[in-house]
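**Student:** Once you've had a glance at the structure underneath, I'll fire off some questions.
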Amino acid sequence: MDKTKRKAVIAGNWKMNKTAGEGKELIEALLPAVVDAGCGVVICPPFTSIPAAVELTKGSRLSVGAQNVHFEKNGAFTGEVSADMLTELGVEYAIVGHSERRQYFGETDESVNLRAKAAVAAGLTAIVCVGESLAQREQGVTMELVRLQTKVALRDVSAEELKKVILAYEPVWAIGTGRTATAEQAEEVCAAIRGVLGELYGQQAAEGVTIQYGGSMNAGNAAELLSKPNVDGGLIGGASLKPADFAEIVKAASA
Ligand code: PEP
């Protein structure tokens, strides 16, 4: 498995944390900490911080992503934000199908697919999240589930559009719990995701896709997780709010 064929990307998901003022302070602390990054580095603040984030990170190693994106271009979708609204601001990435969106806001594999398609059609890179719950892991259906989630999320996404897709394997039981998947577990599922991509798009295309691991990745465990051949980066929640920890993860992905 040749990791040089794809870009390592570390993305920070701030979730519903940081006011615009607090977000500005965090970015100002992050900028010098990631100045030597040898990988893609993305921050995904709440929508309210996005304009300032784009402004503050111009010309830096940091790119800006959104935590969600709607599938319609505009219309009566109270509380939602379209892909065009994001790209106009200078946003480059959008997380799609995070497990918290699935769990608390009724997102389904189908709506994740619609959102992913809208994101890539608008020129965003979609970070598509998949992953099993603890009950599903214990039942032994992780592989089937993640294969299905990946397939449905990518329905009608062309090989060309796949270049604007990152997959994030995020076992739900590891998100925000401090319980990390072992590097072997992460590798096993990330490899299976690449296998599905190979079936859908061919091996060459599959080898070009960045696959992240997410779930309590931190400064202490990042290097081991990222050393695995199919783990190309990380989607980071809690540790993305701590500049020194986030920078350490970025360093591990840059090695
Ligand atoms: C996430 O929100 O995608 C995540 C992985 O969170 P944490 O790193 O806090 O587990």
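Each reported figure results from applying straightforward, stated rules to the coordinates on display, with no laboratory input. These numbers were taken from a predicted model, which means no experiment stands behind them. Methodologically, a virtual Cβ is constructed for each residue, glycine included, from the backbone with ideal geometry; neighbour enumeration extends over all protein chains shown.
**Student:** Let me check against my output: what whole-number percent is the relative contact order of the chain, with C-alpha pairs under 8 Å and at least 6 apart?
**Tutor:** Once divided by the residue count of the chain, the mean separation gives 23 percent.
**Student:** Skipping prolines and chain starts, which residues have an amide H placed within reach, meaning under 5 Å, of the one on VAL42, given they are 5 or more residues away or on another chain?
**Tutor:** Residues meeting the criterion, in which the H sits 1.01 Å from N, are ILE10, ALA11, GLY12, SER63.
**Student:** Then there is this: With a/c under 1.5 counting as rounded, go ahead and sort the range 97-255 into rounded, prolate or oblate using the C-alpha gyration tensor (a ≥ b ≥ c being the square roots of the eigenvalues; past the cut-off, prolate if a/b is larger than b/c, else oblate).
**Tutor:** It comes out rounded by the Cα gyration axes.
**Student:** Same structure, new question: How do ASP245, ASP2 rank when sorted from fewest to most other Cβ atoms within 10 Å of their own Cβ?
**Tutor:** In increasing order of surrounding Cβ atoms, one gets ASP2, ASP245.
**Student:** For LYS228, which lysines qualify as cross-link partners when the Cα separation must be under 16 Å and same-chain residues fewer than eight apart are set aside?
**Tutor:** Cross-link targets: LYS3, LYS5, LYS7, LYS251.
**Student:** Still on this structure: Show the residues, 5+ positions off or on another chain, whose built amide H is closer than 5 Å to the amide H of ALA168.
**Tutor:** Residues meeting the amide H criterion: VAL128, CYS129, VAL130, GLN212.
**Student:** Explain nothing, just the number: dipole magnitude of the chain about its Cα centre with +1 on each Lys and Arg Cβ and -1 on each Asp and Glu Cβ, in debye rounded to the nearest 20.
**Tutor:** That gives a dipole near 200 debye.
**Student:** Which of the lysines could be linked to LYS73 by a straight reach, that is with a Cα gap under 18 Å, when you skip same-chain ones fewer than 8 residues away?
**Tutor:** List returned: LYS117.
**Student:** Hey, what do the phi angles of the range 101-114 turn into as Karplus ³J(HN,Hα) couplings, whole Hz, using 6.51/-1.76/1.60 and θ = phi - 60°, x for Gly and Pro?
**Tutor:** 5, 5, 6, 9, 10, x, 5, 10, 4, 5, 5, 5, 4, 4
**Student:** Treating the beta-carbon of each Lys and Arg as +1 and of each Asp and Glu as -1, no other charges, what is the dipole magnitude of the range 80-161 about its Cα centre, to the nearest 20 debye?
**Tutor:** Charge dipole, the range 80-161, about its Cα centre: 240 debye, nearest 20.
**Student:** Something else about it: Whole-Hz Karplus ³J(HN,Hα) for the range 139-146, in order, using 6.51 cos²θ - 1.76 cosθ + 1.60 and θ = phi - 60°, x for Gly and Pro?
**Tutor:** My calculation for the range 139-146 gives 7, x, 10, 3, 5, 4, 5, 5 Hz in order.
**Student:** Under 1.5 on a/c is rounded, so check that first for the range 18-70, then, if it is not, pick prolate when a/b is larger than b/c and oblate when it is not; a ≥ b ≥ c are the square roots of the alpha carbon gyration tensor eigenvalues.
**Tutor:** Note, shape of the range 18-70 comes out oblate.
**Student:** Taking amide hydrogens as modeled 1.01 Å from N in the peptide plane, which residues meet the under 5 Å criterion relative to HIS70, leaving out close sequence neighbours?
**Tutor:** Excluding prolines and chain starts, which carry no amide H, the hits are VAL81, SER82, ALA83.
**Student:** Got a sec? Charge dipole of the range 98-255, +1 on Cβ for Lys and Arg, -1 for Asp and Glu; which of VAL250, GLY215, GLY131 is way out at the positive end?
**Tutor:** The listed residue farthest towards the positive side: VAL250.
**Student:** Then there's this: Rounded to the nearest 500, what is the 222 nm mean residue ellipticity of the chain from helices alone, with -39500 (n - 2.57) per DSSP H run of 4+ residues and division by all residues?
**Tutor:** -12500 deg cm²/dmol
**Student:** Let me ask another. Determine the shape class of the range 1-128: with a ≥ b ≥ c the square roots of the Cα gyration tensor eigenvalues, call it rounded for a/c under 1.5, and otherwise prolate if a/b is greater than b/c, oblate otherwise.
**Tutor:** In terms of gyration-tensor shape, oblate.
**Student:** For the range 86-100, in order, what is each residue's ³J(HN,Hα) by Karplus, 6.51 cos²θ - 1.76 cosθ + 1.60 with θ = phi - 60°, in whole Hz (x at glycine and Pro)?
**Tutor:** Once rounded to whole Hz, the list reads 6, 5, 4, 7, x, 6, 10, 10, 9, 6, 10, x, 4, 4, 5.
**Student:** What number, in percent, do you get for the relative contact order of the range 103-206 if the mean sequence gap of Cα pairs under 8 Å and at least 6 apart is divided by its residue count?
**Tutor:** In percent, rounded to a whole number, it is 30.
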